[in-house]
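Undergrad: Got a structure for you, written out below as structure tokens; questions coming shortly.
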Amino acid sequence: MKTIIDKVEKGQRLGFEEGVRLYDLDLFTLGRLANEIRTRMWGNKSFFNINRHINPTNVCKDVCKFCAFSASRKNPNQYTMSHEEILKIVEEADGRGVKEVHIVSAHNPNTGLEWYMEIFSKIKAAFPHIHIKALTAAEINFLAEAYDLSYDEVIDRMIDYGVDSMPGGGAEIFDEKVRDYICKGKVTSDQWIDIHRRWHQRGRESNATMLFGHVEEKQHRIDHMLRLRDLQDETGGFNSFIPLVYQRENNFLNVEKFLSSQEILKTMAISRIMLDNFPHIKAYWVTSTVNLALVSQEFGADDLDGTIERESINSAAGAGSAHGMQLDAFVSLIKNSGYTPVERDSLYHELKVW
Ligand code: V47
């Protein structure tokens, strides 16, 4: 174990077995190691942005066991927003100073391709200053299959219609066996990686998530991180890694045991240590809880996502994020936890130190 700690302290890269062994370290040693890296990279800064999540439809052809949002499963209340409704949401959000819209939908086979795409050009035409982060690799794969397009064709359309960056959703867990069990039929791990590679090859940036705390084991988490680290070595296109804590309500996974806070913090710290080529580790307060996100700042995380305003995917499964966070409260929480709140844009340019 001493060799592993030495390697981390010297900034040397760890392999798969070493990554798995990190879980045997006590929480405080892991926290110290991750915090050293975080502090070397970002000092006392904690990044956030003023954003608005929009989930325009919950109608889904796929059946992921962990999902409580999809109307095809336990949620009988189907909805699909019109472009007018979406534009109204963006207009109101713009009035409140929102700088990014994060638009992620279910895989709705009934809307047509243009419903997915034209909303971006409409938003750009009316609000050219707002950054559009939209379409996960899972949605891109769905659109490619549904409309007989290549990934390149879907990606080129996204760019033509005004999408600025891609969110990290749909990654779940890359291990094929676990993935087959939790979300068979949607984008495969190789496809997810391929889509982000193609996006990066166009000089565009994206994020990467990992859904953990369900049926996966710690070696699956390390494998997931290493597949992302390999792609990042190749393209350098990822901004942040976002470990998403599985929310257990209203879905079909039936996981009895909830992750301990210790395991969540360990995973946060281990991701900071393993993903040496990722600039940012995001503690997504929606799934970790706000309190644990604040503590995560001392365990490797340097980003707390944003104010969000409204969120439907995780809140459907029990997260307390349906109504986002007030900006002043968010800033105070970061300050009171001893960090400097730095408002950033979607690509991590610093906008304002609060
Ligand atoms: O891909 C679905 C996850 C993701 C559950 O890129 C669940 O900046 C927990 O990707 N428990 C969507 N998670 C959210 C997402 C995201 C969030 C914030 C920032 C960014 C970014 C991306 O939510 C899905 C899926 O992995 N999810 N159900 C659940 N029961």
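The values are calculated or read from the model by the stated rules, or taken from the named source; none is laboratory data. Predicted model, so just to flag it, every value in this text is computed and none were measured. A quick note on method: Cβ atoms are made from the backbone with ideal geometry, for glycine too, and the neighbour counts reach across all protein chains shown. Surface areas here come from the heavy atoms of the whole protein model, side chains and all, with no ligands, DNA or RNA. Shrake-Rupley method; radii C 1.70, N 1.55, O 1.52, S 1.80 Å.
Undergrad: With (1) closer than 29 Å to residue 260 by Cβ; (2) surrounded by 21 or more Cβ atoms within 10 Å (Cβ to Cβ) as the list, and residue 346 as the residue in question, which single condition is left unmet?
TA: Every condition holds for residue 346 apart from (1).
Undergrad: Regarding residue 124, is this residue under 20 Å from the mean Cα position of the chain (by Cα) and either at pLDDT below 95 or more than 19 Å from residue 169 (Cβ to Cβ) (or both)?
TA: So residue 124 fails the test.
Undergrad: Looking at segment 298-321, is at least one residue hydroxyl-bearing (Ser, Thr, Tyr), modelled with pLDDT under 95, touching a Leu at 6+ places or on another chain (Cβ under 8 Å) and part of a helix (DSSP H, G or I)?
TA: No: segment 298-321 contains no residue that is hydroxyl-bearing (Ser, Thr, Tyr), modelled with pLDDT under 95, touching a Leu at 6+ places or on another chain (Cβ under 8 Å) and part of a helix (DSSP H, G or I).
Undergrad: Right, next: Within segment 1-57, considering only helices (runs of 4 or more DSSP H) that don't extend past its boundaries, which have at least 3 residues that are touching a residue at least 60 places away in the same chain (Cβ under 8 Å)?
TA: Because the criterion is at least 3 residues that are touching a residue at least 60 places away in the same chain (Cβ under 8 Å), the helices (runs of 4 or more DSSP H) in segment 1-57 that meet it are 16-22, 27-42.
Undergrad: Can I ask one more? Restricting attention to segment 19-50, which residues are surrounded by 22 or more Cβ atoms within 10 Å (Cβ to Cβ) and among the polar types (S, T, N, Q)?
TA: If the condition is that a residue be surrounded by 22 or more Cβ atoms within 10 Å (Cβ to Cβ) and among the polar types (S, T, N, Q), then 46, 49 are the ones that fit.
Undergrad: Sticking with this structure for a sec: Within segment 173-192, does at least one residue satisfy the condition of being more than 15 Å from the ligand (Cβ to nearest atom), modelled with pLDDT of 95 or more, among the hydroxyl-bearing types (Ser, Thr, Tyr) and closer than 21 Å to residue 106 by Cβ?
TA: no
Undergrad: Is segment 322-341 home to any residue that is of a type in the set (Asp, Glu) and either free of Cβ contacts under 8 Å to residues at least 60 places away in the same chain or open to solvent by 40 Å² or more (accessible area, probe 1.4 Å) (or both)?
TA: yes
Undergrad: Considering each of 135, 143, 87 in turn, give the residue that is at positive phi and modelled with pLDDT of 95 or more.
TA: 135
Undergrad: Which members of segment 194-228 meet the condition of being open to solvent by 20 Å² or more (accessible area, probe 1.4 Å) and closer than 22 Å to residue 141 by Cα?
TA: 194, 197, 198, 201, 202, 203, 204, 205, 227
Undergrad: Okay, next question. I'd like to verify a number: residues in segment 240-254 that are open to solvent by less than 40 Å² (accessible area, probe 1.4 Å) and within 8 Å of the ligand (Cβ to nearest atom), how many?
TA: Adding up the residues that qualify gives 8.
Undergrad: Looking at segment 274-284, can you tell me whether even one residue there is under 18 Å from the mean Cα position of the chain (by Cα), within 15 Å of the ligand (Cβ to nearest atom), part of a helix (DSSP H, G or I) and surrounded by 18 or more Cβ atoms within 10 Å (Cβ to Cβ)?
TA: For segment 274-284, residues under 18 Å from the mean Cα position of the chain (by Cα), within 15 Å of the ligand (Cβ to nearest atom), part of a helix (DSSP H, G or I) and surrounded by 18 or more Cβ atoms within 10 Å (Cβ to Cβ): absent.
Undergrad: Only one residue in 107, 129 is on the phi < 0 side of the Ramachandran plot, within 14 Å of the ligand (Cβ to nearest atom) and either of a type in the set (Phe, Trp, Tyr) or modelled with pLDDT of 95 or more (or both), so which one is that?
TA: Sole residue among the options that is on the phi < 0 side of the Ramachandran plot, within 14 Å of the ligand (Cβ to nearest atom) and either of a type in the set (Phe, Trp, Tyr) or modelled with pLDDT of 95 or more (or both): 107.
Undergrad: Condition test on residue 240, is it free of Cβ contacts under 8 Å to residues at least 40 places away in the same chain and out of contact with any Leu (no Cβ under 9 Å at 6 or more places or on another chain)?
TA: Answer is no for this residue.
Undergrad: As an exercise: evaluate residue 341 against (1) part of a strand (DSSP E or B); (2) more than 20 Å from residue 39 (Cβ to Cβ) and give the number of the one condition it does not meet.
TA: Evaluating residue 341 over (1) part of a strand (DSSP E or B); (2) more than 20 Å from residue 39 (Cβ to Cβ) leaves (2) as the failure.
Undergrad: Give segment 298-354 a look and list any residue that's within 16 Å of the ligand (Cβ to nearest atom), in contact with a Gly (Cβ under 6 Å, 6 or more places away or on another chain) and over 25 Å from residue 251 (Cβ atoms), or say none.
TA: Listed by number, the list holds a single entry, 307.
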